[in-house]
Structure formats: C-alpha cells, structure tokens
1. At 0.36 nm per residue, and after removing the present C-alpha to C-alpha distance, how many nm does the segment from residue 155 to residue 250 gain when stretched out fully?
2. Suppose R0 equals 41 Å; then what is the FRET efficiency for residue 78 and residue 142 from their Cβ-Cβ distance, rounded to the nearest 0.05?
3. Say each of residue 60 and residue 200 gets a label point 7 Å from the Cα, pointing the same way as Cα to Cβ; how far apart are those two points in nm?
4. What FRET efficiency would be calculated for the residue pair residue 298, residue 181, taking the C-beta separation as r and a Förster radius of 35 Å, to the nearest 0.05?
5. Strictly over 20 Å apart at the Cα level, which of 66/86; 66/93; 138/168; 66/123; 86/146 would you flag in this model?
6. For region 39-96, what is the relative contact order in percent, using Cα pairs closer than 8 Å and at least 6 residues apart in sequence?
7. So for the pair residue 115, residue 286, with labels modelled 7 Å out along Cα→Cβ, what separation do we get in nm?
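Any read-out appearing in this document is the output of simple, stated calculations on the displayed coordinates, not a laboratory observation. Quick caveat: nothing in here was measured; it's all calculated off a predicted structure. A quick note on method: Cβ atoms are made from the backbone with ideal geometry, for glycine too, and the neighbour counts reach across all protein chains shown.
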Amino acid sequence: MNENNYPCLRSCNILLWILLIAPFMLLRYSESAICYVNNCVSTKCSSMTCDTCNDGYFLLRGICRKCSFGCSTCTNFSKCTACADKFYLQSGKCHRCFYRCATCTNSKTCTACADKFYLQSGKCHHCFNRCATCTNLKTCTACADKFYLQSGDCHLCSSVCATCTRFKTCTACGDPYWNLLGQCSSLCSTNCTDSRCDDTTGLCYDCKPGKYGQHCEHDCNLCTEGQCGLRQCISGCKDAYYQGYTVSGNSYCLKCAQDNCITCSNGTYCSQCKQGYYRKRTSTDVTSCIQCYSFCLTCQLTELCPADCVQHCSDPDNQRNTKSTHKILGKSCCFTVK
Ligand SMILES: *[C@@H]1O[C@H](CO)[C@@H](O)[C@H](O)[C@H]1NC(C)=O
Ligand SMILES: *[C@@H]1O[C@H](CO)[C@@H](O)[C@H](O)[C@H]1NC(C)=O
Ligand SMILES: *[C@@H]1O[C@H](CO)[C@@H](O)[C@H](O)[C@H]1NC(C)=O
C-alpha cells in the first residue's frame, strides 16, 4: 500500500460506515428502545413507543399501565372489560367471588366451584371430605391424598402409601417408607453394605461391591468399564446403554431400545450402530440399526458397501472379485462369484 492510497481507503471506510453500519445501529437502537417499555406486546415498533400492551395492562401515552385489581383486560383504569378467575365484572370493576366459587357472575352466583366443592343451582357445596373434586355429594372425580378413586368413591390406600391408584399400588410412599424395587418398604436394601441405611430415607451409607444408587439397586457393570461411585457411574454408561434418570434425579443405565446400537441418547434414537450395521430412520422419531450386506464390513446410508469397498470387505479374499461384482451389483463390490 502506498501513501496515496491511504486517504482514499479512509474515506471509503467512512462511507461504508454511513451506508451499512449506521442504519443497522439506528435499527438496533429503535428496537432496543421498545424493550424498555415494560409489558408491551410488540417486539418490533415503527415508533419509539409501544402500540399494544400485554393482557392486564392498558396503553397511556405510550406506556403500559396496570389495569385495576382482578382485571385481566381493560381499556383504562376505570374501564375493565374482563376479569381474572375468581372475580366478576360490575360497572367496569372486578369484584372477588365468594371463596367457594372458581368463577362467578355476581356475588351470589357461582358458575364453577373451587376444589372440594360442587355446583348446584349456582351455589357451591362441600364435597365429601375424601374427595379432592366431585360432581355431587356422592360422586368424587378425584380423591384426597391417601385415597384412591373407584366408581366415583374414594377408598383408603394401604398405610405404606402417600398416594395410590389401588389399595397396595402406591404412586408415592408415605413416611417412613421408601421405594425398594417398586414396593414401599422400611427395610434397608440387601445391597447396602452390612444392610445399614438411613432410617428416614432408606439411603444406603455404602454399597456392596458392584452396586451403586440410593438403595444400591443398580449394577456397576453397566457403567463404562464397570466403574461407579456410590450414587452414579463415573463416566457414563457402557456401549449399548444410555443414562436414564429416576424421579429424584439420580442416574442409572438403561439398554438402548434398538438392537445392534452402541450409542443412543434415549430409548428411541440410536446415534451410532455397531460395525456391520447402518443407521436408518424407521419412523419419525425412531432411528434403528439395519444390517449391511454380509460381504460388507461397514456401510452407510444403505445396505451397500461404501464406494471404496475394497477396504471394507468382510472377507479379504473377496477383494479379488471386486471387478466382476461391480458389474453384477452395479453399485457394490466384494462379492464371491461362483
Ligand atoms: C375509559 O374508557 C371508557 C371507554 O372507552 C371511556 O368512556 C372513559 O371516559 C375512560 N375513562 C378515562 C378516565 O379515561
Ligand atoms: C441386590 O442385588 C441383587 C444382585 O444384583 C439383585 O438381584 C437385587 O434386586 C438387589 N436388591 C435390591 C434391593 O436392589
Ligand atoms: C431422543 O433423542 C433425540 C436426539 O437427541 C431427540 O431428538 C428426541 O426428541 C429424543 N426422544 C425422546 C423421546 O426423548
């Protein structure tokens, strides 16, 4: 670059800045300016003010202001047009319904009831106390904790359950019970070292060799190189297994659902197949492993060996026949010609 070129280059840069960068910055500025108007719906605005506010707010001189108490949409502070649940509209204001109503049209008439109440002639009446919800005094539609629903009636769960779907089918264990192999139990797992565990949670203090997990219920040999800590695998799960999580967030190893898969991120998606198989999407969210032709060592996309198949033959002797196979199969190779 010589001295004479330099001033030219500088003025070109300024021109470039005016033409390209400045409008972009102005655009950014006007777009970000709109973000400072709280509770504005618009993400893009031609002017510097807001033109539509979120529900529960109204526009006043370009700013979104809150509607009156209990109001879900309004035109201004004194004119509410719809109320939130548990409120009814009267003369542009929202008033609280009677506590037993979920929705109402005035202070006396409910149109839906709060949980534990049922509707009859605009009034909400108490359900039977075993019900969480009901349609009338005798018919529950959901039960209170420790009860399960059967033919509109709520029955008591076994004492070991906190919640259940049948007498002994707990969906959560009550105190001081914990889930041990699908049952609510107060026994320490037989896989805790010396069968010792915390007597309120059942967590093993230590596991017998080869076991890990809260109740030492998982096998270390499903971990990479069989290595596990007290509660989890040290570096994930071995081939053909993926990490699943329990309700309490603890990980354990589950088998990939697809046969011949070595790496999967969940039950339905295989990201790597074992040698001699290729990946194929078999339905919208299922990716399976399909076998390559037996004369291929590996293949991709189809059953056929890759184009450079000479290196990919399962039987090196077949390489001699590469040329003739090329004719026979058109695309493939590595074929024993009889
Ligand atoms: C509120 O809006 C209503 C309906 O648009 C209007 O009649 C009333 O005058 C407004 N009140 C105020 C204080 O702006
Ligand atoms: C303890 O380990 C054995 C052998 O692996 C297994 O069969 C059993 O289910 C485990 N028990 C518990 C409570 O996890
Ligand atoms: C399984 O994993 C794949 C890839 O990570 C993902 O796209 C898919 O949504 C997952 N499916 C389920 C059921 O979690």
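1. Numbers: separation 95, 0.36 × 95 = 34.20 nm, distance 3.25 nm.
Extending this stretch completely gives an extra 30.9 nm.
2. Calculated value: 0.50.
3. The two pseudo-label positions are separated by 5.2 nm.
4. That pair, residue 298 with residue 181, gives E of 0.25.
5. 138/168; 66/123; 86/146
6. Answer for region 39-96 is 21 percent.
7. Here the modelled spin labels are 3.8 nm apart.
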